[in-house]
Structures are given as C-alpha cells and as structure tokens.
Amino acid sequence: MKYLFTTALLSFILSFFMLDRLQAKDILFNKDWKFYKGNAATASRADFDDDEWRKLDLPHDWAIEGPFDEQYNARAGGLPFHGTGWYRKHFSMPEASKGKAVRLEFEGAMYNAHVWVNGELVGNRPFGYIGFEFDISKYLKYDGSDNVIAVRLSPEDLSSRWYPGAGIYRSVWLKVDEKIHVGQWGTYITTPTVTDKKAVVQHETVIQNDSGDPAEVVVKQTYFDPSGNQVGEVSEEVTIAANSSGSSAVYADIPSPERWDLATPHLYKAITTVLDKNGRVMDEYSTAFGIRTIKFDKDAFYLNGRKVRFNGVCLHHDNGALGAAVYRRADERKLQIMKSMGVNAIRTSHNPPSRELLELCDEMGLLVLDEAFDVWKMEKVANGYNKFFDEWGATDMRDMILRDRNHPSVIMWSIGNEIIEQRDAKNGWKVAKMLHEVCAETDPTRPSTIGLNYYPAPYDHNLAQQVDITGINYKPSKYSEIRGNYPQLPIYGSETSSVTSSRGVYHLPIKKYTTHDSKQVTSYDLIGPPWAYPPDIEFHFQEQNPYVMGEFMWTGFDYLGEPTPYGGKDNSTNGYWNDDWPARSSYFGAVDLCGFPKDRFYLYQSQWTEEPMIHLLPHWNWEGMEDETIPVYCYTNCDEAELFLNGESLGKKVKGKDKTPIIVDFLRYEPKTFASPYRLSWDVPYQAGELKVVGYKEGKAIQEKTINTAGKPASISLNVDRTEIDADGRDLAYVTVKVTDKDGNTCPIADNLVEFEVKGEGELIAVDNGDPTSVSPFQADYRKAFNGMCLAIIRATEKPGNIELTATSKSLKKAQVTISTKPQSSK
C-alpha cells in the first residue's frame, strides 16, 4: 500500500527504527509540543488554532522561567507555578497502527492533568508526582491526517509546601502494541532465594488482552547477566479471556549470581516475550532487576546478610536552576555529589521520584526509601493533595509500588511524612492501616514505613504500630525512650538535623540567633529553626543507640522554596506574606542550589567516609579584623590535626579527645550546649597570609588543606565537570565559575557580574550562584558571583561538534572552555 507521508508521519515512522529493537513499540513523545500559559477555554478541541503558541520540547517546567516576584509565595519558591497551562501536540498515525493498542503515558504532569485526544476527554489525574497512561486507540485517526493531544494542567496556589514545579515536567511516551501485550508496569521480579551457588528468580507478568476473543499465549522469560550473557530461560502457556488480563508466574534458577550491592550494583535483564499459539511474537518487554537480599529486624538493616547503617539524605525533586524538569544528567550529578559525601541512601522527600532517579540509584549502588505522600486527609496547605486523597490515595500508593518494585535500590515504602493525622486518635491509624495493606498486597518483599515528627501522639494513637518500621523525625534524644516503650519496633532517623547555612557566609562573633539582617545563615553549622539541631547531636545519639538503623539528614541539596528560617508561613492566614523576601530557597542543604559543597558537606564526609580527608573553615579574608579572634574549625576523619598560621604551629588537636563546644540553645531538649567530639577548633588571632591544617594517621601526615588570604579579583576560572557529552539534545555540562586573584586563589567574598557567551553545538540553559536570596533569572546569559562562585549549565544540541563557553567580567581576565559533543552511538 502506498502512503502519503507528511513530515510528521515520516518522523513518526523513522522513530521506530532509531530505537532499540525491544523498545521500538515505545515512542519517546517529547518533541514538538506547543504551550500556552493562561486560560484557553476551547483549547481541548481538535480544530483549535494554536499557530501562535510557543513551540518547545518536553520535559518542561514553565514556572522556573520566572520571574521571581513577591506576589508568589516564597515558601513555594517565589515563582509562578500555579495557574492554568495548556500543551498541545499534532501528529499522524500510520494505517499499520490501526487495530493496535495505542497508549499515551505521562511520567509526571504537575498537576491536576486533564487529557484530550481529538477533542475527546480521555481521562484526568490530579497527583502531579505519579505517572499514568490512557488507552487512546479509539480516539485516533489512522489515515495520515492530523491527530491532536491537548493537556490542561491547573496547579493551585497554596497547594505545596515547597516548589513543586509546573507543566509536563517528565517524559511522555506513545506506546503502540498488539492487542495482546504486557500491561503497564506489568512485570514483577523477586528473588526469594539467594545463595552464592544460585538465585531463584520469581517472575510474575500481567498480560493484557484487548481483543474481543480469548487468547492462548506463551509467555517466555529470558535472563541475561550484567555482562549480557544469557543465563536462563523459562516459559508458560496462559489463556486470557477476551477484553481482560491474565497473569503468568514462573521461576528460574540463576547460577552463581552476581549480587546487587552498594559497591557492586550488578544489574540483570529479563526479556519477556509474548507469543501467540502460532509462535508469532505479540510483545517484547525488557525489565532490569537486581539479585540481592534485604532483611530488617528490630536492631538492624541487612543487605545481602551484611549489616548496613543508613548514611542517608532527604532529597526534593527539583534540580535547582533547571526546576522540576527531568534531566538524567542533573540527577546523576546530584547523586555523584552525594556519594562523594559518603551517602549510601536516599529518601525521596516527599513524593514518588522520577524513573531516571531510581534507574541511577540502581546503577550507582544507592539505597532508596521511596515515599508517596506529604499529606493524607487533613490539610497542611489550603489546596493540597488532601482534596484528592479519598478518591486517589490508595490508587496513587499502589501505582507508585507497581512502577518501582523491580528496582533493587528500593528497600522501603513510605506511606507518608509528618502526617497531621498523627494527632487524630480516632481515625489516623485506620488510614495508616489501609496504606500499609496496599503496600503488603502489592509488594510483600519490602516493609512499609512512615516519617513521624510528633511524640508520643502517633504511638499512643496506634498509628506508628500500623507500619513495619517507624521513621522518627527530629527526636534523637527520644530514641532510647521509644525503644524502651516499644522494644520490638524497628526505628531509624527518617529526617534529622535540619541545621541551616549559606555557602561561604560567616557571621562573627558566633551568636545565638537563627536569622540575620542579610537573610543569610552562617556556615559554622550551628544555626537552625526551633526543631533543628547541629549534625553532631544526631551523630551522638546514633552512637549511643546502635539499634537505630541510621539517618536521613535534611537535606542533601538545597532546594527551591521553604527558605527556613526565613520566608514567613506556608500561607497568609497570619496576616503577613513573604516576611523575609527575597529569601526564596532552602538553606538546609549540605550543598547549595548549584551543587557546590558547603562546609557541612565535609562534616558529614568526615563521619561517613574512610578515605582520608580534611577540611578547614572559615575563609581567611578578614581585612580590618587584625588580631581579633577568629574561630577556626576543622572537619576530618584523621586521628589528629595540626594548624599552622604563616608557617607557625598553633598546636595539634586529637579527634574525639579535644572537643568543640557548640551552641544548641534552640534545641527543645537537654543539653543546651554540647561538647562535640566531631569537630576540632582553634581560636586564632587574625593575620593575613596562609592558614594550613595537616591531618595525621598513626602519627604520619597524610592530608592537608591550605587557605590563603586572597588579593583583589583579577581573573575568571572555569572548570567543566565533563569535557565530552552526548549530542542528544538533553545531555548537560556543568561549568563552575570562580573569581580568582592574580595567584589563582578564589576570592571568597567576590560578587563580580559574569557574562557568558556560547558558540557551537550547545546552548546556555541556566545560570545560578547558590544565593538563596537572589531574584535574578535562572535563564539568562549573566550571573553575579556569590562568595566568589557561580554556575553555567550548557545543554548539547543533537549535532556532534564543539561547544565554546566564554566568560567575561569588567576588569577581570576572561576565560574560555571547550566541550565536545559526540554521537550517542559512540558510547
């Protein structure tokens, strides 16, 4: 048959051949959408004129484009995430697709999504963090003419306690299948037996039969080891009723399994092949999985039989200047930075994460606490998810588990965070019981958990007892009491510390305040809101209570919104709004919004890593304070450290023996002060020059860190995280920009304006400097340095070649860096 190919149709057909054979039925549907922000009453109609709408590719977050404005709630980032946004896509379907099952999958749309195809409403989904799909077969035209998808999103003001992002911020897929195919998230692989000799892989598969006739099929499972070698095969005959689903359940023995573990995250692959009774392939479906064991008892977590403590961080889903839009490289870089701090576990606070983040945790060897909700029925903000919970809560919980249960990185299902129902003695436990039962029914191989910040209410109200493992938020001094009262209940710190700081900011003298006129927070790692405490306190109580399975500190990265201790309230009911504008993003991170480590990063690294390290603070530019005392802190995992000022020793300190008194007067429990064995300190009369610390192990000098008093800003220094990236239109290069003196020292208080120019096969898509009070746009070709540093993010085009970034600033020597882009096939 001859076809009249439109440009869109040709592009659609070619996409089949550009994809991997096993994934050819799944078309990444991110290109060539149209977008409009505002009310468009008839935009759902197929014949609506969208010629003037903006053209863009997904994923897309409209709110990150700004502008920052005081009219928007700083607790949600001070950005315009609410309102109505429309997306439309035109495409053609080949006649060969007629009679197939065609599904449209959204990995995430923020929020209250309504989807139309050719003017017909096909469905809606309110929760912005969960993926969903609709069968659109009956709504399509297969004659080469125009089909139109229309999506309306309507996020409300006061619907989130942090920056949620906006728009279709995760990927969209068009799935073209035979009527008989593997269902959505249709495979479930577990490993009930794992020994060095063999692993038993149990494999359950849901087969959908959308035809009008019963079907007899063979479901074949083929297994490949991490090197790509076939290591097993098993099949089963299944009969499926018309317009119904059926299931296959088989197991296979895998010899000498390579276990998924933190240091060796080996991944296997299963290929599910569905054949009809004549042997014709109806579907092929690929599933990555890991072979590993997990076990929890009242005293510990075990991975592959080895006790592991959680050196964990909580992470929100945004990627700073990129907003909520998903870039695999952005998540990869975030996790790489966390691993370098010693992190082995991630809590997805407080919502289902992206597919990419879980895939990366699988590949990189990170444990995941997969969290569903921040709210149930009782509201935290006026227009929160509680409005939808009764109708959608169980479904969204189940769908998260169905989507994520093959990831070996996932070890717990969290049913909620700091739920207000902790106060509800009558009904709160019933909701917890319902969600726990969803977990147990959908995936009995992992325990349920919850993050509780009240004590003793949820225990007295029988809510904590509904989950398998209790997470405790900000109650380290209560660990022993909880263990005494509930000796069989496993516990861990699900959210800890919450100390705040601004990178490179040091307020002297150190005072007992939580706020400052500058809207910054000192980086001596001592200041926080009333519920918070320095990391040292958690370290201490974790050591005193070894049955506590570890911690998830708040937070690994700064994130948009929640500028605690600034920013007013989550709503305006107390008569004020954005009291501390322009504070608009968090101070909680161990690294700032750019991914630049703060001092606290190294405090955790000193506790969570074994490779010798040493860190020194503050900076050493204190002109006008000569001979005044400067508190100098050292974070190290060495046995002892010696400090030198301009070559003169100021003495050695022994870690654990020489303790540093720290201020914890904002803590709600004793002690009000704490002698920390985790920090070394000296009181140093300031003299310009060189401050150096040397770390010793068993008497031998093995590490050192030097800080020099920097001169006047003279040059720009550029450092790119990778000099070669993929020419795929999505890969990123992160360029760290420093203002330096004539000797190459970073100028620690420089705020020079840096301008950027990009040439070649890339574009500058975002800039930032980590300043939580800046209201400059992220999408610009300039940025002021914040304490000597800023960031440029470059995205590759789809054409291989070179990208040249030039950075200039008045009175400074300019700098250039070149990045090459390569075809993906060259990997």
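The values are calculated or read from the model by the stated rules, or taken from the named source; none is laboratory data. Everything numeric here is computed off the predicted structure, so don't read it as measured data. Cβ atoms come from the backbone with ideal geometry, glycine included; neighbour counts cover every protein chain shown.
Some points to look at:
- Residue that is touching a residue at least 40 places away in the same chain (Cβ under 8 Å), hydrophobic (A, V, I, L, M, F, W, C) and in contact with a helix residue (DSSP H, G or I) (Cβ under 7 Å, 6 or more places away or on another chain), where the choices are LEU79, LEU104, LEU140: LEU79
- Scope region 190-212; condition surrounded by fewer than 22 Cβ atoms within 10 Å (Cβ to Cβ) and in a strand (DSSP E or B); matching residues: THR190, PRO192, THR193, VAL194, LYS198, VAL200, GLN202, GLU204, VAL206
- Residues in region 770-827 that are of a type in the set (Asp, Glu) and either within 28 Å of the chain's Cα centre (by Cα) or under 20 Å from PHE557 (Cβ atoms) (or both): ASP771, ASP781, GLU798.
- Identity of the residue in region 698-726, under 24 Å from the mean Cα position of the chain (by Cα) and in a loop (DSSP other than H, G, I, E, B), that ends up surrounded by the most Cβ atoms within 10 Å (Cβ to Cβ): ASP721
- Within region 440-493, being closer than 14 Å to PHE296 by Cβ and touching a Gly at 6+ places or on another chain (Cβ under 8 Å) holds for THR449, GLY471, ILE491, TYR492.
- Residue match in region 385-397 (condition: closer than 27 Å to ASN124 by Cα, at pLDDT 95 or above, small (Gly, Ala, Ser) and within 21 Å of the chain's Cα centre (by Cα)): no
- Taking region 1-113 as the region of interest, the strands (runs of 3 or more DSSP E) fully inside it that hold 1 or more residues being within 30 Å of ASP580 (Cβ to Cβ) and either modelled with pLDDT of 95 or more or of a type outside the set (Asp, Glu) (or both) are 33-37, 85-91.
- Only residues that are of a type in the set (Ser, Thr, Tyr) and over 18 Å from THR818 (Cα atoms) were counted in region 716-750, giving 2.
- Going through (1) of a type outside the set (Lys, Arg); (2) assigned to a strand (DSSP E or B); (3) at positive phi one by one, LEU158 falls short only on (2).
- Region 114-150: number of residues that are over 22 Å from MET400 (Cα atoms) and assigned to a strand (DSSP E or B): 8
- Scan of region 616-659 for residues that are without any contact (Cβ under 8 Å) to a residue 40 or more places away in the chain, outside any loop (DSSP other than H, G, I, E, B) and of a type outside the set (Gly, Ala, Ser), ordered by number: GLU648, LEU650, LYS653, VAL654
- For region 231-254, the condition of being touching a residue at least 60 places away in the same chain (Cβ under 8 Å), surrounded by fewer than 17 Cβ atoms within 10 Å (Cβ to Cβ) and either outside the structural domain of GLY186 (by TED's automatic domain parsing) or assigned to a strand (DSSP E or B) (or both) holds for at least one residue.
- Within region 115-140, the residues that satisfy the criterion of being surrounded by 16 or more Cβ atoms within 10 Å (Cβ to Cβ), of a type outside the set (Val, Ile, Thr) and under 18 Å from ASP47 (Cα atoms) are TRP116, ASN118, TYR139, LEU140.
- Residue within region 302-322 that is under 30 Å from ASP721 (Cα atoms) and among the basic types (Lys, Arg) present: no
- Selection of region 574-615 for residues being of a type in the set (Phe, Trp, Tyr), more than 28 Å from VAL767 (Cα to Cα) and either buried (at least 24 other Cβ atoms within 10 Å of the Cβ) or touching a residue at least 60 places away in the same chain (Cβ under 8 Å) (or both) yields only TRP608.
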